[in-house]
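Quick notes on the structure that follows.
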Amino acid sequence: MTTATEILQQRLPAARPRIGMILGSGWSSVIDAIENPQRVAYADLPGFPQSSVAGHVSDVVVGRLGRHEVAVMGGRKHTYETGRADAMKIPIRALREWGCDVLVQTNAAGSVDANIPPGSLMAISDHINFSQHSPLIGEMGNERFVSMTNAYDIGLRQQAHEHAGSMGVDLFEGVYAWFVGPQFETPAEIRMAMGAGANAVGMSTVPETILARHAGMQVLAFSLITNMGAGLSSETLSHAHTLSQAQASAKRATSFLARVVGQLAI
Ligand code: HPA
């Protein structure tokens, strides 16, 4: 059978992307910044998932962002859609095989830190896998025991902070705690996350980081904070609220991301 990587290579024979990106809720307009975009639908790529989440795009978009050729996945399959944490295994390995050394991820998240208000951008410095799901269950070989130290590459993060500084963008940094969802957390769970040292909570990103580290890629990840965690404010949490808040910050978030990725020294 023809693999997803082979199909990507056949469809886009001249493409040599070195940076793969996965966009979460609110970040899809980064795609508009890509020069000469070429698209391949997930439906044409064996093992690529169809996302059921509003606000996600089911295409791989390949083109130039600043000084790099990038391959952007407009949406991800979340563990809460199927109960499986490995839904992005084939796409991430395909990006790696295609030549991507770096995975840049984005998401929408709730803040559990009074110093990081809604509308903020946060570089993820580390994560807590509260779900204890792993996309590597069933893998064989010693490579499965992958180190998660420096999972979110410090050198790439430093570059992001330098660009934020020169653009006048406030870029926070913090620990992202993964809850499977799709229900939002309870106030008690939010208090637990705070006590455990998290700054933000969300329903994605962690399985993809684990897969990317296992595949030997460096990871850079950003959260767009759309709300305070349950019980920390009087807002009612909903996906519509997440999307509308993300929309309000989308322009700032995506121009920042296009600059960071476009100028990334790798
Ligand atoms: N919790 C989990 N995921 C989220 C949240 C939240 O408060 N906001 C946006 N995504």
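The values are calculated or read from the model by the stated rules, or taken from the named source; none is laboratory data. Predicted, not measured: the structure shown is a model, and the values here were computed from it. Using ideal geometry, Cβ is built from the backbone for each residue, glycine included, and neighbour counts are taken over all protein chains shown. When the accessible area is computed, the model is the full protein with side chains, heavy atoms only, and any ligands, DNA or RNA have been set aside. Shrake-Rupley method; radii C 1.70, N 1.55, O 1.52, S 1.80 Å.
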| task | Could you list, in sequence order, all residues of the stretch 56-84 that are open to solvent by 10 Å² or more (accessible area, probe 1.4 Å) and within 16 Å of the chain's Cα centre (by Cα)? | result | H56, V57, S58, D59, K77, H78, Y80
| said: Exactly one condition in (1) under 15 Å from A123 (Cα atoms); (2) of a type in the set (S, T, N, Q); (3) more than 16 Å from the ligand (Cβ to nearest atom) is false for Q263; which is it? | reply: (1)
| query | Considering only the stretch 111-123, how many residues are hydroxyl-bearing (S, T, Y) and in a strand (DSSP E or B)? | reply | 1
| request: Could you grab me the full set of residues in the stretch 245-258 that are buried (at least 18 other Cβ atoms within 10 Å of the Cβ) and either within 20 Å of P117 (Cβ to Cβ) or acidic (D, E) (or both)? | output: Q245, A246, S249, A250, A253, T254, F256, L257
| field | So A221, is it touching a strand residue (DSSP E or B) at 6+ places or on another chain (Cβ under 9 Å), open to solvent by 20 Å² or more (accessible area, probe 1.4 Å), more than 13 Å from the ligand (Cβ to nearest atom) and at pLDDT 95 or above | value | no
| Does A71 count as at pLDDT 95 or above, within 16 Å of the ligand (Cβ to nearest atom), among the small types (G, A, S) and in a strand (DSSP E or B)? | no
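If you take the residues of the stretch 166-215 that are over 24 Å from G231 (Cα atoms), assigned to a helix (DSSP H, G or I) and among the β-branched types (V, I, T), which of them is least open to solvent (accessible area, probe 1.4 Å)? Give the derivation first.
To start, the set of residues in the stretch 166-215 that are over 24 Å from G231 (Cα atoms) comprises 166-171, 207-215.
Pick out the ones that are also assigned to a helix (DSSP H, G or I) and you get 166-167, 207-214.
Okay, now just the ones that are also among the β-branched types (V, I, T), so 209-210.
Numbers: T209: 0, I210: 16 Å².
Only one residue fits best here, namely T209.
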| query | Does I154 satisfy being out of contact with any helix residue (DSSP H, G or I) (no Cβ under 7 Å at 6 or more places or on another chain), surrounded by 17 or more Cβ atoms within 10 Å (Cβ to Cβ) and of a type in the set (V, I, T)? | reply | no
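A quick yes/no check of all residues on (1) in contact with a helix residue (DSSP H, G or I) (Cβ under 9 Å, 6 or more places away or on another chain); (2) of a type in the set (A, V, I, L, M):
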residue	(1), (2)
Q10	no, no
G26	yes, no
N36	no, no
R67	yes, no
V70	yes, yes
P91	yes, no
| remark: Looking across the stretch 224-244 at residues that are assigned to a loop (DSSP other than H, G, I, E, B), surrounded by fewer than 24 Cβ atoms within 10 Å (Cβ to Cβ) and not charged (D, E, K, R), the single one that is farthest from the ligand (Cβ to nearest atom) is S234
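Being out of contact with any Cys (no Cβ under 8 Å at 6 or more places or on another chain), of a type in the set (A, V, I, L, M, F, W, C) and surrounded by 16 or more Cβ atoms within 10 Å (Cβ to Cβ) is the filter here, so list the residues in the stretch 16-52 that pass it.
Listed by number, the residues that qualify are M21, I22, L23, W27, V30, I31, A33, I34, V40, L45, F48.
Per-residue answers, yes or no, for (1) farther than 24 Å from M217 by Cβ; (2) hydroxyl-bearing (S, T, Y); (3) away from the ligand (no atom under 16 Å from the Cβ); (4) in contact with a His (Cβ under 8 Å, 6 or more places away or on another chain):
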{"site": "A151", "(1), (2), (3), (4)": "no, no, yes, yes"}
{"site": "I154", "(1), (2), (3), (4)": "no, no, yes, no"}
{"site": "H161", "(1), (2), (3), (4)": "no, no, yes, no"}
{"site": "S166", "(1), (2), (3), (4)": "yes, yes, yes, no"}
{"site": "L171", "(1), (2), (3), (4)": "no, no, yes, yes"}
{"site": "V175", "(1), (2), (3), (4)": "no, no, no, yes"}
{"site": "Q183", "(1), (2), (3), (4)": "yes, no, no, no"}
{"site": "I190", "(1), (2), (3), (4)": "yes, no, no, no"}
{"site": "G195", "(1), (2), (3), (4)": "yes, no, yes, no"}
| message | Anything in the stretch 89-110 that is touching a Phe, Trp or Tyr at 6+ places or on another chain (Cβ under 9 Å) and either assigned to a loop (DSSP other than H, G, I, E, B) or within 30 Å of P187 (Cβ to Cβ) (or both)? List them, or say none. | response | Q105, T106, N107, A108, A109, G110
